[in-house]
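Colleague: Below is a structure I'd like to ask you about.
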Amino acid sequence: TGGFVLAVTELLDGENWRSLRGRLWISVGGDCGDLQYGDIVEGTVSVHRGMLPGNKGEPDLPRRLRRSGVAAPAWAPAASALTPSGERRGVPGLRALYAFKRRCAESVDNALPPDRAAIVKCLILGEAHALSEEQFRRFRETGTLHFLAISGQHVSMIAFFCWGVLAGFGLGRRATAGAVLGVVLFYSVLTG
């Protein structure tokens with residue numbers, strides 16, 4: 001299953017369209033298909049009125065979504081329930097970045113068995129939705145669920161590795177620091 005944030009601009013109320021501004025977290029049953037960042041879509045989703053808190057020790061998804069400006073979670077049975085209009089919006093450059101992330105995820109899927117690919121995508125790309133319910137349950141029961149969250153430890157390991165590689169090429173401290181900062185920012189945006 002996949003998921004994404006959908007910025008809502010209009011709502012069909014009976015037979016009339018109403019202008020509406022808000023954001024929904026859409027969970028899609030199955031693959032997100034060809035939907036990409038910035039696509040303007042039309043479709044039917046089921047909106048949940050409230051967000052329930054998670055289990056103790058799990059990330060507080062409702063709080064995180066509210067901080068991101070998401071009003072409510074919603075569900076679409078399949079990506080086919082959302083039809084792209086052909087128009088696009090969004091921040092320039094992010095479409096290419098998310099397409100790169102999708103290609104990385106596909107490469108992992110092609111290189112590893114599904115159960116291992118899901119864990120690698122979660123650890124490296126921040127795609128927690130890739131885990132099966134059984135995998136999620138096992139990590140939760142063993143108290144190791146927090147290892148899967150992209151955290152400062154992940155970012156510091158990447159920064160340390162990049163610093164060592166770039167310093168090995170003889171770059172000055174400023175050039176190395178600038179390059180490492182660029183890599184860290186890129187990774188932060190890539191993983192959300």
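The values are calculated or read from the model by the stated rules, or taken from the named source; none is laboratory data. Given the structure is predicted, the values throughout are model-derived calculations rather than measurements. A quick note on method: Cβ atoms are made from the backbone with ideal geometry, for glycine too, and the neighbour counts reach across all protein chains shown. Areas reflect the complete protein model, heavy atoms only, side chains present, ligands, DNA and RNA absent. Shrake-Rupley method; radii C 1.70, N 1.55, O 1.52, S 1.80 Å.
Colleague: Go through region 98-117 and report how many residues are open to solvent by less than 60 Å² (accessible area, probe 1.4 Å) and charged (D, E, K, R).
Modeller: Count: 1.
Colleague: If we keep just the residues of region 118-139 that are over 16 Å from the mean Cα position of the chain (by Cα) and under 18 Å from I150 (Cβ atoms), which is least open to solvent (accessible area, probe 1.4 Å)?
Modeller: Q135
Colleague: Here are some conditions: (1) modelled with pLDDT of 75 or more; (2) among the charged types (D, E, K, R); (3) open to solvent by 70 Å² or more (accessible area, probe 1.4 Å). R95 meets all but one. Which one does it not meet?
Modeller: So the condition that R95 fails would be (3).
Colleague: Let me ask another. Might you let me know whether region 114-123 holds any residue that is outside any helix (DSSP H, G or I) and without any contact (Cβ under 8 Å) to a residue 60 or more places away in the chain?
Modeller: Looking for residues that are outside any helix (DSSP H, G or I) and without any contact (Cβ under 8 Å) to a residue 60 or more places away in the chain, one finds none in region 114-123, hence no.
Colleague: Additional query: Being out of contact with any Leu (no Cβ under 8 Å at 6 or more places or on another chain), surrounded by fewer than 11 Cβ atoms within 10 Å (Cβ to Cβ), at pLDDT below 90 and under 28 Å from V8 (Cα atoms): is that true of G152 here?
Modeller: Answer is no for this residue.
Colleague: Then there's this: Checking the structure you have, find out if any residue of region 163-170 is in contact (Cβ under 8 Å) with a residue 40 or more places away in the chain and either open to solvent by less than 50 Å² (accessible area, probe 1.4 Å) or assigned to a helix (DSSP H, G or I) (or both).
Modeller: Within region 163-170, not a single residue is in contact (Cβ under 8 Å) with a residue 40 or more places away in the chain and either open to solvent by less than 50 Å² (accessible area, probe 1.4 Å) or assigned to a helix (DSSP H, G or I) (or both).
Colleague: Inside region 177-192, can you point out the residues that are within 20 Å of the chain's Cα centre (by Cα), among the aliphatic types (A, V, I, L, M) and surrounded by 13 or more Cβ atoms within 10 Å (Cβ to Cβ)?
Modeller: Result: V183, V184, V189, L190.
Colleague: On to the next question. Look at region 48-76 and say how many of its residues are at pLDDT below 75 and outside any helix (DSSP H, G or I). Write out each step before concluding.
Modeller: Keep residues of region 48-76 that are at pLDDT below 75, which gives 48-69, 71-72.
From what's left, outside any helix (DSSP H, G or I): 48-60, 68-69, 71-72.
Number of matching residues: 17.
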